[in-house]
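A quick write-up on the structure given underneath.
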Ligand code: SF4
Ligand code: SF4
Ligand code: SF4
């Protein structure tokens with residue numbers, strides 16, 4: 001396989017517009033989720049079998065006492081060696097040769113969901129309670145095969161989400177982290193050597209999301 005594809009998710013550029021979240025639903029034909037207002041803009045509150053991308057909102061106070069409000073457009077990382085595939089028995093989960101996208105087939109309904117979830121350090125796989133099939137982001141493999149970029153990357157108005165060849169994205173990530181480090185000592189990329197969807201943060205990863213970094 002070539003180096004395949006990657007996405008950069010630069011949280012420092014994210015305005016939490018949630019265009020990516022909506023575009024993901026729209027392209028994948030996923031229904032809206034009934035939710036309640038719980039005092040946060042994070043809505044729906046989590047990923048599910050019908051929500052492959054959620055913009056997470058996190059607020060608190062840093063060491064200096066100043067408040068922070070972080071946005072984290074969460075999705076499957078399309079790991080190079082996916083822990084979720086350890087429960088695989090007969091190719092229920094496959095890795096696309098050309099792009100590296102990790103794809104859950106309809107046969108995932110036969111897998112032990114708890115085992116698949118436990119294998120994922122980023123808490124991504126979700127199960128349809130009715131059919132038992134497992135779901136998550138597809139890296140828009142269907143779009144890629146039609147020479148289109150992933151819907152979330154296309155919809156992002158700030159350039160927070162960018163898509164391309166893995167080697168090019170890795171260069172962009174390194175350049176952006178170096179730039180951010182000039183003003184944010186904690187700026188870093190999360191697990192860039194292990195994943196295809198590489199997040200950039202400017203503070204401790206756990207402040208954004210419990211499962212931000214493996
Ligand atoms: S992030 Fe989780 S669900 Fe996605 S490929 Fe990696 S182990 Fe699998
Ligand atoms: S790559 Fe496609 S399926 Fe994955 S989060 Fe983006 S829009 Fe959704
Ligand atoms: S579309 Fe871009 S700016 Fe808007 S929430 Fe998603 S990542 Fe953030």
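Details
- Inter-part distance where segment 74-112 and segment 187-214 are each reduced to a Cα centre, Å: 21 Å
- Evaluated at q = 0.16, 0.28, 0.31 Å⁻¹, the base-10 log of the normalised Debye intensity for segment 83-135, with identical point scatterers placed on the Cα atoms, takes the values -0.41, -1.17, -1.34.
- Cα-based helix-to-principal-axis angle, 166-181 vs the chain, degrees rounded to 10: 30 degrees
Throughout, read-outs are computed from the coordinates displayed, never taken from laboratory work. None of the values given here were measured: they were computed from a predicted structure.
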